[in-house]
Amino acid sequence: MVVQSLRSGAFIHRLLTIKAIVVNVSLDCCIGACAVPCAQWLASGGEVTGWGWRSMAAGAVALLAGGLPFRIAQQHWRFSGSADFWRMAWAALLAALFYAGGRVLVGHGPPGMTFPIIHMLVLMVMLAGSRLAYQQWRQWRQQRRARNDAQCRIVLVADGKSADLFLRAASAGMAVTGMVVNGAHRRGRRIHGVPVLGTVDELDRVLDRLCAHGASHAVRVIVDPCCTGTALATVLRIAQAHGAQVRRMPDIAAVTAPEWSELYPVEIEELLNRPPVPPDFGRLEGMLRGRRVLVTGAGGSIGTELVHQIAHYAPESLILLDNGEYPLWRIDVALSEQAPQVPRHIVIADVRDPQRIEQVFARYRPELVFHAAALKHVPMVEDNPCEGLLTNIEGTRVVADAARRHGTRAMVQISTDKAVNPSSIMGASKRVAEMYCQALDMTARRDGRDLRCITVRFGNVLGSAGSVVSLFRHQIERGGPLTITDPEMERYFMTVAEAVALVLQASARGMDTRPGEGRIDDMLRAGGIFVLDMGQPVRIVDLAHQMIILAGLRPGQDIDIRFTGARPGEKLSEDLFHQREVPRPTGHSGLRMATPRTVDLALATSIMDAMVGACRAGDAGTALVLLKKLVPEFVHRGASGVQQAPARGTDRERNAS
């Protein structure tokens, strides 16, 4: 039964194909027949004498014969393009030669020496013109139907090339009202019949005019992929003011498909307006190819992205370490699909357990260690201070000491901007981790060891587990409200992929000294810290407004925003550099370096020993006193919300909360 149905369907499809070819042949015969008297009229100066139906029939046969080698009868008129027009030109030339040759063979010469040339030109015009006329008629019918149905009115924000692609591919359900472009010189012109209504700066006035004429439901489509950041945020704001939605056109490959009609929502990452930083593939490959690489916290947001990007450089093996079973299973499945050729080892371990970490290093002998394991949620660490100090400080020390004992080439410590002028236990603990790695690196250099401890500091990453973006998305799905601690709260943001790419770049830079870069290497040897260029900080309330608009909703009407007050340990703003850490360029866009602030390794170790002992005994008060000895600029906002005074003689930072 199924076979019979398939055969029946194939037969019907074949009949339809034959029908289309018959229609094309009939139309081309009419064109060939009509071209003969037209060419004679032009060649004889406006007279048509001695030409009957036999001559017209001969013209039709000549065109069929001339078009046969170029298969013009099989052309799809609706999709005829430049390549098809060239075939029609060659078919017209052959048809004119066949017709002239036929008249000579039967004893009738052409009306003049120029007749074959004129005949060929007439055929070309009629063949190409008929197909273009059909395409224009079809486009007009689609636009008229779309206007009548009022399914979707569109204003394009695009350059000429992007607008051309969109208009060629847009389906009948989209009525493009007009477009705004960059450059006042294009105002008043048309692309595929669609008027240019103004420039991007005039978008507000353009939409006002459209709304006045009843087009208040226009959908703005961002076609130009370069429209990001501030420009995109401006478009979103204007769209929201006019009750319109904003959609992103997909990539060019998708747009060129016939009958394309799908529009994509704008992603929050596109509002960052961060130009892509090209990676130094030579350095990265030299660092990672053929190496044994250990990633702690491999199941977290940063760790997962690190694993994915490292796998592209063909390491000898990847050791994925985390204390959570499900995150490890998830990254293992993802790697089995993305990079099945890279050997990997799944290790469940706690970085605070020296014996277990020692076993891992002894068994796998990693050459590179990326230490991303940490407790990073500020309020949770405030509620569990001993756990935060043990994970972030003792865990870092356990991993770093194991790396030193087992001949690891480099350990990369992932730090945070909250380590600068910290007001939270989490931030202060990450600052201690920075200090220990700095001191260990300097000591290793003095002792002639090969271990290189590299610290990379950056701010928040969009979309990471527990980030404000994830929280806002969840709250929008539930219908709100969006909760923000303070209207003046702001943070640095970048995408996870960009942050990890720059972490790898900083790691490669820290391990590979090249001529002309001695000053950077000197700062590294003295305990310098790489700091990612995070751009400008983003107000959290602005981020909330943008996410509501991107969801097609209205802030304050469809979704409320509620301010809850700063939580324990939070500051209104963060810094990437301490006031004594002068930013230095590194010669690589996206990377800067903080001039060193270091401590003696023996002193740090003795205080850390006492702090770890207090934490294991559950004595959080003593642990915090010891924490302030190591980080004197730590101004703690505890659960009571009251700032505690810093140690005597310490500089207070202007923005400590």
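In vacuum, with every alpha carbon of segment 296-437 counted as one equal point scatterer, what does the Debye formula give for log10 I(q)/I(0) at q = 0.19, 0.21 Å⁻¹? Two decimals, please. Listed by q, the Debye log ratios stand at -1.12, -1.31.
By the Stokes-Einstein formula, at 0.692 mPa s and 37 °C, segment 310-383 with its Kirkwood radius over alpha-carbon pairs has D equal to 237 µm²/s.
Distance between the modelled labels on Val625 and Glu477, one decimal in nanometres: 4.7 nm (7 Å Cα→Cβ projection). The base-10 log of I(q)/I(0) for segment 368-492, evaluated at q = 0.13 Å⁻¹, reads -0.60 [Debye formula, identical scatterers on Cα atoms, solvent excluded].
Computed from the C-beta positions of Ala610 and Met380 and an R0 of 25 Å, the FRET efficiency is 0.55 to the nearest 0.05. For the pair Glu202 and Ile117, label points projected 7 Å from Cα toward Cβ lie 4.7 nm apart. Applying the Karplus relation 6.51 cos²θ - 1.76 cosθ + 1.60 with θ = phi - 60° to segment 94-103 yields 3J(HN,Hα) values of 5, 4, 5, 5, 4, 5, 5, x, x, 5 Hz, where x marks Gly and Pro. Using R0 = 25 Å, the C-beta based FRET efficiency linking Gln135 and Ala551 works out to 0.05.
Read-outs: derived from the displayed coordinates by stated rules, not from any lab. Predicted model, so just to flag it, every value in this text is computed and none were measured. Please note: Cβ atoms are built from the backbone with ideal geometry, for glycine as well, and neighbour counts cover all protein chains shown.
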